[in-house]
Structures are given as structure tokens and as C-alpha cells.
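Working notes, structure below.
The values are calculated or read from the model by the stated rules, or taken from the named source; none is laboratory data. Because the structure is a prediction, the values reported are computed rather than measured. No Cβ is skipped: glycine too gets one built from the backbone with ideal geometry, and neighbour counts run over all protein chains shown. Note: areas computed on protein heavy atoms with side chains; ligands, DNA, RNA excluded. Shrake-Rupley method; radii C 1.70, N 1.55, O 1.52, S 1.80 Å.
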Amino acid sequence: MPLQNGSVTVTEFIIGGFDTTERPVVVGVALLITYTLAVLANMVNILFIIYDKRLHKPMYLLICNLAVVDIMYISSASPTMIGVLVAGVNTISYVSCFIQMFAFHLGGVMEMFALAVMAFDRLVAISYPFQYHSYLTNGRTLVLTYVLWLVACGFVAVLPATLIPLPHCHSTLKYTFCDYAAVMRTTCVDPNYYFNLVTVIKFFLLFFTFIFICLSYIGIIYFVKLSSNNDKKKMGSTCLSHLIVVTCYYCPLFTLVVLTRLGVVLTLEARHGLIIGAALGPSLVNPFVYCFRTKEIKHKIFKIFRIN
């Protein structure tokens, strides 16, 4: 990497986030098992929904979209981390690093959007049960999902757009894969301006989607109070799956984003754990929650095992 006016030409990055990890192979195997389970479980959800025409309804299309998001989210970073820990391959090419960064952050933004639109779906289903299928058709659900992907890509495109023009002073990433903060810290510029810009975007997306979900549930609670006891039980069961998923995703994110900006200092290991947990945790929990708490999918699984 020849010197160019104090900067270096980077063709690949060295991932140094696991340098101090004890028993890296054990950690890597644990990540591999978690990653494999998450991908397989999400694939099962997707295949069930695609091949069963009875599940071609707005709610299941949104569950399918969430499964696609989860697979992309964990697949963007997990193979790289597993390669470093298990195989000792701790380098990644410049282009691959930027692709990984874009895919990882796109997965994070889409996870927020997917959970928000699923909360809206539950609100419409509970508020207008008889008009639900006329308000939220499959076509409208697919268009809404497509628009959300485009909007998410627009937000995430800011990250590589601000990074690519910057010169690099070294090629070692202090973190466990190519996220924005890791790559930014290899540049020769003061990162505070860029971090503040990204923080504003992240805060906007995080709080907008979380507040939207909260407002949706305020509306749901209002309509549940007006319902009969049998309907209350059914509505509560329907919403519990979504609440579990929302909790799994937002808890580590609020800890990482909000507390650090309030002055709480996290160790590098704690930061790594929260980032990995925010991606792997929901991606593993989501398919199992929806498999075992969604009546149609649960019955289909039990039917398959009974036949075999």
C-alpha cells in the first residue's frame, strides 16, 4: 500500500475486532450454529408462505418480508465473522467491505420498517376487522413493501456516499466486520462530523419507527378495551408475537445508540456484543415466534411431522 500524501491506497481491510477474543473457534462455532439455525428457520417460514396459497394474505406477506430482511441482515456480516474466528481469514477486499456495510445497514433499517408496518397491519386488522381485506389487499401490501425498500436504500446510500471520497490512513478495522463506524475510523479525517450526521439519521429512523409502533399499540389497546373478552384474548395472542420481536430488536439498539450518546462508555467487547446481538437475536427469534404463535404455520408444521 504505497503512501500518497499521508494516506494509503487500500485494496483490502484487515478485521481486528476479534484479536483479543479468547477461544475464537468456540465463539465462531457458536456463531455458525446460530447463523445456520436462523437462516434455516427463516427459509422455512418463507417456503411455507410461498407454497401455501391459503397464506397469501397481507399479514403473512409481511412475515415473509421480515424473514427476507432477517436473512439479508445476518448474512451481511455473520459469514465474515465466522471466517475470522473459525478459519482465521481476517481480510476482506475493499469492494466487498463496502457491499457488506451497505447490506448490513440496509438490513437494520428494513428491520425497523418491517416491524413498523407490521404494527400498522395489526392496528388495521383490529380497528376495522370487517373492512381489513378491502383496506389492506395483497397488492397494496406488496407496493408498500417495495416503497419501504426504496426508502431504506435511499437512507443507507448516504453511508458509502460519504465514505468513498475520503482518504484512508490505515486498513485495520477495530471492529468485527465492515460497519460504517469501523470503516470511517480508517480514514484520515476527523470522524465527528460524519458520525453526527449518521447519528441524526439513525435517531430519526429509530425514534420514528419506535414511536409509530407505540402509537399503533395505543390504538390497538383502545379498540381492545371496547371488545368482548373472547376477542380480547384473540387480539392479545395476535399482538404478542409482534411485541416479542419488537422487544428483541429495539432493546440492544436503544442500549447501544441512546446510552452511548448520553455519555455511557461501553467497552469494545460490549459494543461488539450489542451489535451482534441486535442482528442475530431477532433474526433467530423471529421465525420461531411466528412459527409457533401463528396458528396456520404452526398447524402446517405439526401436520408435516405427523405425516412423517
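Among 160-166, 213-219, the peptide with the highest mean count of other Cβ atoms within 10 Å heads the list, and the full ranking is 213-219, 160-166.
Spin-label model, Val8 to Arg23: label points 7 Å out along the Cα-to-beta-carbon direction sit 3.3 nm apart. Which stretch or stretches of segment 16-35 have amide N atoms under 19 Å from the point lying 7 Å from Phe288's Cα along the Cα→Cβ direction? Residues 27-35 qualify, since their backbone N sits under 19 Å from the label point.
Apolar share of the accessible surface for segment 1-115: 67 percent from carbon plus sulfur atoms, 1.4 Å probe. Derived scalar couplings between HN and Hα for segment 55-60 equal 9, 7, 10, x, 4, 6 Hz in order, rounded to whole Hz, by the Karplus curve 6.51 cos²θ - 1.76 cosθ + 1.60 (θ = phi - 60°), x for Gly and Pro. Which residues among segment 50-75 fall inside the zone where the amide N is under 20 Å from a point 7 Å beyond the Cα of Tyr146, along Cα→Cβ? Answer for this model: 50, 56-69. Probing with 1.4 Å while keeping every protein chain in the model, the per residue accessible area of segment 94-169 equals 44 Å².
Here Val151 sits with roughly 60 square angstrom of accessible surface, probe radius 1.4 Å. For Lys225, the aspartates and glutamates whose Cα comes closer than 19 Å to its Cα, not counting residues fewer than 8 places off in the same chain, are Asp121. The label-point distance for Asn192 and Ser134, in a model that sets each label 7 Å from Cα toward Cβ, rounds to 5.9 nm. Does segment 28-106 come out rounded, prolate or oblate by the C-alpha gyration tensor, with a ≥ b ≥ c the root eigenvalues, rounded set by a/c under 1.5 and, if not, prolate when a/b is larger than b/c and oblate if not? Judged from the Cα gyration tensor, segment 28-106 comes out oblate (a/c at least 1.5, b/c at or above a/b). Listed by chain and number, the aspartates and glutamates placed with their C-alpha closer than 15 angstrom to that of Lys53 are Glu296; residues fewer than eight positions away on the same chain are left out. Across segment 81-92, computed HN-Hα scalar couplings (Karplus, 6.51 cos²θ - 1.76 cosθ + 1.60, θ = phi - 60°) run 5, 5, x, 5, 6, 8, 9, x, 8, 10, 10, 9 Hz from first to last residue, x flagging Gly and Pro.
From the Cα gyration tensor of segment 69-180, with a ≥ b ≥ c the square roots of its eigenvalues, which class applies: rounded if a/c is under 1.5, or else prolate if a/b is larger than b/c, or else oblate? Each step should come with its number before you reach the end.
Working: a/c = 3.93, a/b = 2.34, b/c = 1.68.
It is prolate, given that a/c is not under 1.5 and a/b is the larger ratio.
Given R0 = 51 Å, the distance between the Cβ atoms of Thr162 and Val86 translates into a calculated FRET efficiency of 0.95.
Take the Cα of Ile201, step 7 Å toward its Cβ, do the same at Ile33, and the gap between the two points is 3.7 nm.
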